[in-house]
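In what follows, a structure is listed as structure tokens, so that the remarks can point back to it.
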Amino acid sequence: MTGNTTNYVPYTHKGWDVPIEGVGQGQAESVWVAEQLGRPVVKAWNAVLEGTLKARGVPAGTPGRIALPVAADSDEAKEVAMRLVDETGFDPFDAGKLADSWRQQPATPAYCTELTLDELGPALQAADREKTPAIRDRQIEYLSSLPSLPPLDEIVEHNRSLYR
């Protein structure tokens, strides 16, 4: 297995001002990464903020435990990642294959919204590939307009508000 340290969001990182061929045309960036590496890739922990990872993991069975989507083409690799997600204090949710992992990307209802296991499946299904770029751009504009990054709860609430 290999890790992805960030989500691909065009125009937000130096050198990303030109979309990556394939990804810029809608290919899930995790599929592109797997092709570049020639190895299986598991997409997990990308739909959660650093503050959530640091402070909000709780033991299995805790009411309101946050769920994280896990996508992979290898069932074996996905199983390992799901076990690790659980061990880090979050409920793992089988989010399907890498080709569908765009549903857990920035500006989707499942992205950094701290949903429970019961809420995560419907949020992944509600993702709209055509609307996501405009929502993403609004989110970037909003965050860029602030003098500093808001507290974790404000970011999560803002992300949730994008889908009400």
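Treating only the Cβ atoms of Lys and Arg (+1) and Asp and Glu (-1) as charged, compute the dipole magnitude of the stretch 98-164 about its Cα centre; round to the nearest 20 debye.
On the way: 7 positive and 11 negative charges, 46 e Å.
With only Lys, Arg, Asp and Glu charged at Cβ, the dipole is about 220 debye.
Whole-Hz ³J(HN,Hα) for each residue in the stretch 96-102, computed from phi via Karplus 6.51 cos²θ - 1.76 cosθ + 1.60 with θ = phi - 60°, x for glycine and proline: what do you get?
Using θ = phi - 60°, the values come out as x, 7, 4, 4, 9, 6, 4 Hz.
If the chain between E21 and D153 were fully stretched, how many nm would it gain, using 0.36 nm times the residue separation less the Cα-Cα distance?
Details: separation 132, 0.36 × 132 = 47.52 nm, distance 3.52 nm.
Taking E21 through D153 to full extension adds about 44.0 nm, to one decimal.
Provide the three semi-axes, in whole Å and in decreasing order, of the ellipsoid equivalent to the stretch 30-70 as defined by the square roots of 5 times the Cα gyration tensor eigenvalues.
So the three semi-axes of the stretch 30-70 are 28, 11, 7 Å.
Suppose R0 equals 45 Å. What FRET efficiency, 1/(1 + (r/R0)^6) with r the Cβ-Cβ distance, do V80 and E141 give to the nearest 0.05?
Working: r = 38 Å, r/R0 = 0.84.
Step by step, r from the Cβ atoms, then E = 0.75.
Could you tell me the relative contact order of the stretch 78-164? Use alpha-carbon pairs under 8 Å, at least six residues apart, and round to a whole percent. Before the final figure, lay out each step's value.
On the way: 62 pairs, mean separation 24.4, N = 87.
The normalised contact order for the stretch 78-164 reaches 28 percent.
Show D86, D73 ordered by accessible area, largest first, where the area counts protein heavy atoms only and the probe is 1.4 Å.
Working: D86 60, D73 85 Å².
From most exposed to least exposed: D73, D86.
Using modelled amide H (1.01 Å from N, peptide plane; none on Pro or chain starts), what sits under 5 Å from the amide H of F93, excluding residues fewer than 5 places away?
L68, V70
Can you pull the percent of Cα pairs in the stretch 12-164 with separation above 29 Å?
Values: 1902 of 11628 pairs.
Cα-Cα pairs in the stretch 12-164 separated by more than 29 Å: 16 percent.
Going highest first, how would you order 97-103, 78-84 by mean Cβ packing within 10 Å? If you can, show how the numbers build up before the last one.
Details: 97-103: 19.6, 78-84: 17.9.
Listed from highest to lowest mean packing, they are 97-103, 78-84.
May I ask you to compute the full-extension gain from A99 to Q36, defined as 0.36 nm times their residue separation minus their alpha-carbon distance, rounded to one decimal in nm? If you can, show how the numbers build up before the last one.
Details: separation 63, 0.36 × 63 = 22.68 nm, distance 1.49 nm.
Contour length minus the Cα-Cα distance gives 21.2 nm.
Convert 10 °C to kelvin, take the viscosity as 1.306 mPa s, use the Kirkwood radius over C-alpha pairs of the stretch 77-164 as Rh, and evaluate the Stokes-Einstein diffusion coefficient in µm²/s, rounded to a whole number.
Values: Rh = 14.1 Å.
So the translational diffusion coefficient is about 112 µm²/s.
Rounded to the nearest 20 debye, what is the charge dipole size of the chain about its Cα centre when +1 sits on each Lys and Arg Cβ and -1 on each Asp and Glu Cβ? Before the final figure, lay out each step's value.
Values: 16 positive and 24 negative charges, 42 e Å.
With only Lys, Arg, Asp and Glu charged at Cβ, the dipole is about 200 debye.
The values are calculated or read from the model by the stated rules, or taken from the named source; none is laboratory data. Since the model is a prediction, treat every value here as computed from it, not as a measurement. All Cβ positions, even for glycine, are placed from backbone atoms using ideal geometry, and neighbour counts span all protein chains on display. Keep in mind that these areas ignore ligands, DNA and RNA; they rest on the heavy atoms of the full protein, side chains included. Shrake-Rupley method; radii C 1.70, N 1.55, O 1.52, S 1.80 Å.
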